[in-house]
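Written out below as C-alpha cells is the structure these notes cover.
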Amino acid sequence: MKLQVKDFPIPGSDLVLSLEPGKVILLKDETYVKAEALLEALCGINDSFEQLIVIDETPISDFPAGGSDVFAYVFDEGIMISNLTLVENLYLPFQLRFGNDKRESFEQELENWMQVFELKTDLSLRPAFVKAAQKKLLCYIRALLLKPRVLLFDNPLYLLSSNERRRLLSILEDLKRDFAMLICSNDDEFASGFCSSIITIPA
Amino acid sequence: MKVKLEKKSQRGFFFFMVTTILAAFGIARNRHINSTVIFRQILFTGFEALPIISFIALGIGGLIILQGYTLLSNFGQGVWIHVILVTVVVKELSSIITALVVVARSGTAISTELGNMVVNREIDLLRSFGVSPISYLVLSRLIGVIIAMMALTLYFNIVAVLGGWFFSNIFNRIEFRAFINDFLGVLKFSDVFMSLIKPVVFGFLIAIIASFQGMSVVKASTEVPQRTIKAVVQSLFLIIVLDILITWAFWSIA
C-alpha cells in the first residue's frame, strides 16, 4: 500500500511511504504536533489537517468510511467509552465492522488475544475501574480485532511499566509479520532495533 | 465580537439539527444507531422519572380538582370541573411539567455526558472507528428521549386524572364511573392529539439542544457546566415559546 501525503511535513515536499506487512515506520517528531496530526487525519479524526492524503492513488476522502477501514489507531492514553463496559468497548467497533451475527467469532478472537497479551481483566467492568496500563493493552486488542491493513500507534509504550513494555515489544515483534505499522514516538527504545525506518519530522 | 460568536453558534446549532434530521431519514439503513443507547435513554429518561412524575401529577391533579370543584360549586357549576381538568392538565400542564422534569434530569445529563466525552476524546475514538457520533450518540438519545417523553406525558395524564378523582373523593364523594364518563365526554380527539404532539416536539428540543451544547465543548472540563446551564436555559425558553405556538395553532384550527 502506497501512502502519499502532499506538502508534508513541509510545503513543497511530499511524504511517500510504502506500508506493507513487516514494515514499521517511526515518525520522530520533537514537537509531537505534526506526526500526531497525521495519524489522526489517517483515521479521520483531524478535520484541520489540510494536506491531501492519497492511498494507492485514491484520496482518503473517497474511501467509504474515511480511513477507518484501512487503519486502526491506538491512542496514547488508552481511551475507552466510559459508559460502556470493557467488553462492550471491544465489541462496538467489531460489530460495526463485521455485523451483528459475528458475536461468537468475536468472543473466540478476543479470548485468543487476551491469552497473547496475558491479560486476566474482568471485562464486565467499566473502564474507570481498570488500571490505565490494562486499558491501554485492551486498546491494542480492540485495534487488532478490527484486522486493519495498517496499525497506527501514538506513543505505544506510554503508561506501561518496564515489564509490560518488554512484553508488548515482543508481541509487536510477532505482529510485524502480518501488519504494517506507523508509529509516532520519541522513545528511543522503539527506534533501536524495532523499526524498519525512522522519519524525522522537522519542527 | 459577542454578536458574531452568537450568530456562529446559531448557525452551528442549525447545521447540527439538520445533520441529525438527515441522519434520521436513513434510520432503517443506519447501522450506527444503537438500540442499547436508545433503551438506556428510555430507562433513564422515562422509567427512572416515574416516581417524581407520579408525585407531581398526583399533587397537580388533586389540587386542580379540589380548588376547581370548590370554586365552581359556589356557582352551582361543579360539573365543569372536567372541562378544567381537560383544558389545564391534558392540554397544557402534562406536557409542560413533564418537559421541565426531563430538562432537569435528562437534558442536563445528556449535555454533561457528551461534554465529558468530548473532553476525554471519546468522540474522537468513535470517529476513529468510522462511527458517526451524530447517529450513535445524538440520534439514539433523541429517539430515546422522544419515546420517553410521550410515555411520561401519557402517564402524567392518567395519574393526574385518577389522582384528581381520588383526592376529590376524600372531601366530596363522586362515583368513579360518573367521573370518568363526564371526563371522557368532555375530552375531544384534538385534545388527545395535542397532548401527543407536544411531547414529541419538546422531547426533540430537549435532546437536540442538550446534545448540541454537550458536543460544543472544545477542550476544557470547565466548559461542561457552562454548556449544561446554556442547554437548560435554551430548552426552557424554547419549550415555552413552542408550547404557545402549538396551542395557538390548535386554537386557530378549532
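Structure above, values below:
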quantity: Filter result (more than 12 Å from chain B (Cβ to nearest Cβ) and assigned to a loop (DSSP other than H, G, I, E, B)) within the range A:31-84; calculated: A:Thr31, A:Tyr32, A:Ser48, A:Phe49, A:Glu50, A:Gln51, A:Leu52, A:Asp56, A:Glu57
quantity: Exclusive hit being in contact with a Leu (Cβ under 7 Å, 6 or more places away or on another chain) and more than 14 Å from chain A (Cβ to nearest Cβ), set B:Ser235, B:Ser190; calculated: B:Ser235
quantity: Hits in the range B:185-217 - residues which are surrounded by fewer than 19 Cβ atoms within 10 Å (Cβ to Cβ) and part of a loop (DSSP other than H, G, I, E, B); calculated: B:Lys188
quantity: Members of the range A:38-54 found to be open to solvent by less than 40 Å² (accessible area, probe 1.4 Å) and among the polar types (S, T, N, Q), listed by number; calculated: A:Asn46
quantity: Subset of the range A:55-102 (residues that are open to solvent by 20 Å² or more (accessible area, probe 1.4 Å) and under 16 Å from B:Tyr136 (Cβ atoms)); calculated: A:Ala65, A:Gly66, A:Ser82, A:Asn83, A:Glu88, A:Tyr91, A:Gln95, A:Leu96, A:Arg97, A:Asn100
quantity: Count - residues of the range B:198-241 that are within 12 Å of the chain's Cα centre (by Cα) and over 27 Å from B:Tyr136 (Cα atoms); calculated: 1
quantity: Residue in the range B:20-34 that is out of contact with any helix residue (DSSP H, G or I) (no Cβ under 9 Å at 6 or more places or on another chain) and within 14 Å of chain A (Cβ to nearest Cβ) present; calculated: yes
quantity: Candidate set from the range B:110-137 (those that are open to solvent by 10 Å² or more (accessible area, probe 1.4 Å) and of a type in the set (Gly, Ala, Ser)); member that is nearest to the other protein chains (Cβ to nearest Cβ); calculated: B:Gly130
quantity: Enumeration of residues in the range A:182-192 that are in contact (Cβ under 8 Å) with a residue 60 or more places away in the chain and open to solvent by 10 Å² or more (accessible area, probe 1.4 Å); calculated: A:Asn186, A:Ala191
quantity: Qualifying residue in the range B:51-64 (condition: open to solvent by 90 Å² or more (accessible area, probe 1.4 Å) and closer than 22 Å to B:Ile208 by Cβ); calculated: no
quantity: Odd one out for B:Ile174 among (1) hydrophobic (A, V, I, L, M, F, W, C); (2) out of contact with any Lys or Arg (no Cβ under 6 Å at 6 or more places or on another chain); (3) not in a loop (DSSP other than H, G, I, E, B); calculated: (3)
quantity: Only one of A:Pro93, A:Pro64, A:Pro59 that is modelled with pLDDT under 85 and not hydrophobic (A, V, I, L, M, F, W, C); calculated: A:Pro64
quantity: Residue in the range B:171-184 that is crowded, with 20+ Cβ neighbours inside 10 Å and within 14 Å of chain A (Cβ to nearest Cβ) present; calculated: no
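The values are calculated or read from the model by the stated rules, or taken from the named source; none is laboratory data. Only a predicted model underlies this, so the values are computations on that prediction, with no experimental measurement involved. For neighbour counting, all protein chains shown are included, and Cβ atoms are generated from backbone atoms with ideal geometry for every residue, glycine included. Note: areas computed on protein heavy atoms with side chains; ligands, DNA, RNA excluded. Shrake-Rupley method; radii C 1.70, N 1.55, O 1.52, S 1.80 Å.
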